[in-house]
Amino acid sequence: MSSPRPIRFFHQGRVQSVEGLPPQTTVLQYLREHARCAGTKEGCAEGDCGACTVLVGELDTDGEAVSLRAVNACIQFLPMLDGQALLTVEDLGASTDLGPVQQALVDCHGSQCGFCTPGFAMTMQAVYERHQACGTRPTRQDLADDLAGNLCRCTGYRPLLDAGERMFEQPVRTLDRAPIVAALRGLRDDPALHYEARSRAGTPQRVFAPRTLEELAALREAMPDARLVAGATDVGLWVNKQQRELGDVILTGRVEDLRRIDVITVHGQGAAPGVMSANGHLSAGPAVAAAAVPAPTSRTTLRIGAAVPLEEAWAALAERVPALRELWLRFASPPVRNAGTLGGNVANGSPIGDGPPALIALGARLVLRLGATLRAMPLEDFYLDYMKNALRPGEFVEAVEVPEPPAGTRLRGYKIAKRYDSDISAVCAVLSLRLEDGVARDVRFAFGGMAATVRRAAKAEAAVSGRAWNEASQAAAALALTEDFTPMTDLRASAGYRQRVAANLIRRFWLETRADAPVAAASASVWQAINLQRSVA
Ligand code: FES
Ligand code: FES
């Protein structure tokens, strides 16, 4: 086993080396209590308010550039920063020399209570950097979507959106990335992280951040009880809210092979070498490991590595299945999607996760690895019971494979929650079928929030499959839902509400997908209706 070493990352213009701090120290605690950078604030400590938003910089695989993403510092652990750069509100400018984002916030009176302002400034800086790099400008709705993870509880978002537009009217001044690139190149030569220190409770705790799939598989097999952590967007809450000790931790975020999105064309048992990196560039490449497990179909398939951030994974999914775009925008907040992963969302197995209903409706399968052995299973078979899955000791999720929907597939994703943005679903439904001469085929109705696990509505599907897709069959399916599910009452919704809304969603799906006079998506979507209203105004 490797020797322990300090955590090393770029912050405040130089490489910082940290040792001795408990491995579960959050980035926010480090900033405020150890680095004395108190500009970053703590509101909720659970990834909900955005007061703690910081930027994390990561070197691209070619080592030439650094990419920046906004994350919530309160639910990121310090060892996750190893080899990366941390930028905070202190990096944006000084009181006598404001950056364009800060100046725009001042000019538009966007600093209202002041407490959440640093978080807004960091999210807006990420937006500013992204658009300046591409030479584009966000619409007001784009800005609102980008700010969905920053909570303003006082006078509202109008001045903040004004500032988001105004910042592009300032003299261009982006963050200087050259020193970051130079520092991160140097950090690339460090061995994979093995960090040891006493936990907050005083017990020895180890953190490993392997860089290859083989290293990860060997560690996982040797330490089956260690906690696998990808984006920490859920585990961070266990620590902050439940004061849980995680024991030994294996981080998956530095394993390059888990950060790729590959497009594979499966012919029988083989895989063609069309390879796409997580940033979307197509290139020739070797056949992927999935060739070793039974092929799901002969269709093109997206193979999403388990450590690909949710934001990139959903962008790839929504590009192929545009009907999932609204669900993507409502799937947590941008900083949570930048940190969380699709693999983590799937392996977590929450009955109210928004990823599994979409993936199950699309017929996704999981590639699981134990040492050098791969096996595959349909995602719908992975969940055994409440928070119980089919993983064996030492096994982990390597990738999620999502086949392209058959031609003619009609699919819709619906999220029912109390708040439109950044909320947890009471019910999430992703419904899919293909019409063949008016008859429903390949029916897949997947629901979250209706049972102990996300699962398909077998009886409702049977009520529709092979029948004409009409008023009578949709009503039969809606009725059959009462045999499929016995939902529970909790703080998000009552059992009766869940049952009623699930049946209504089947009806809505029929109204939007029926052969005759389907209701246009634009008039059935709140999000699209808002856009429409704005463009008319
Ligand atoms: Fe609220 Fe971090 S403190 S998101
Ligand atoms: Fe802080 Fe509105 S700006 S609550």
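The values are calculated or read from the model by the stated rules, or taken from the named source; none is laboratory data. Note that this is a predicted model, so its numbers are computed, not measured. All Cβ positions, glycine included, derive from the backbone under ideal geometry; neighbour counts span all protein chains shown. Just the protein is used for accessible areas: all its heavy atoms, side chains included, with ligands, DNA and RNA removed. Shrake-Rupley method; radii C 1.70, N 1.55, O 1.52, S 1.80 Å.
Figures for the structure shown
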quantity: Strands (runs of 3 or more DSSP E) wholly inside the stretch 346-450 containing at least 1 residues that are closer than 18 Å to Phe485 by Cβ and open to solvent by less than 20 Å² (accessible area, probe 1.4 Å); calculated: 409-416, 427-436, 439-448
quantity: The stretch 175-193, residues that are over 26 Å from the mean Cα position of the chain (by Cα) and surrounded by fewer than 19 Cβ atoms within 10 Å (Cβ to Cβ); calculated: Asp176, Ala178, Pro179, Ala182, Arg185, Gly186, Leu187, Asp189, Asp190, Pro191
quantity: Which numbered condition Arg32 fails, given (1) of a type outside the set (S, T, N, Q); (2) within 16 Å of ligand 1 (Cβ to nearest atom); (3) closer than 24 Å to Val127 by Cβ; (4) open to solvent by 40 Å² or more (accessible area, probe 1.4 Å); calculated: (3)
quantity: In the stretch 311-339, the residues that are touching a Ser or Thr at 6+ places or on another chain (Cβ under 8 Å) and over 21 Å from Gln141 (Cα atoms); calculated: Ala313, Ala339
quantity: Scan of the stretch 95-116 for residues that are hydrophobic (A, V, I, L, M, F, W, C) and in a helix (DSSP H, G or I), ordered by number; calculated: Val101, Ala104, Leu105, Val106
quantity: Any hit, the stretch 44-56, residues being open to solvent by 10 Å² or more (accessible area, probe 1.4 Å), more than 21 Å from Arg177 (Cα to Cα), in contact with a helix residue (DSSP H, G or I) (Cβ under 7 Å, 6 or more places away or on another chain) and near ligand 1 (Cβ under 7 Å from one of its atoms); calculated: yes
quantity: Test: Ala85 is closer than 28 Å to Glu312 by Cα and within 16 Å of ligand 1 (Cβ to nearest atom); calculated: no
quantity: Residue under evaluation Ser333, criteria (1) within 29 Å of Thr212 (Cα to Cα); (2) open to solvent by less than 10 Å² (accessible area, probe 1.4 Å); (3) under 9 Å from the mean Cα position of the chain (by Cα), criterion not met; calculated: (1)
quantity: Residue among Leu151, Leu147, Leu160, Leu105 that is surrounded by fewer than 21 Cβ atoms within 10 Å (Cβ to Cβ), within 15 Å of ligand 2 (Cβ to nearest atom) and among the aliphatic types (A, V, I, L, M); calculated: Leu151
quantity: Residue match in the stretch 81-92 (condition: within 16 Å of ligand 2 (Cβ to nearest atom), open to solvent by 10 Å² or more (accessible area, probe 1.4 Å) and without any contact (Cβ under 8 Å) to a residue 60 or more places away in the chain); calculated: yes
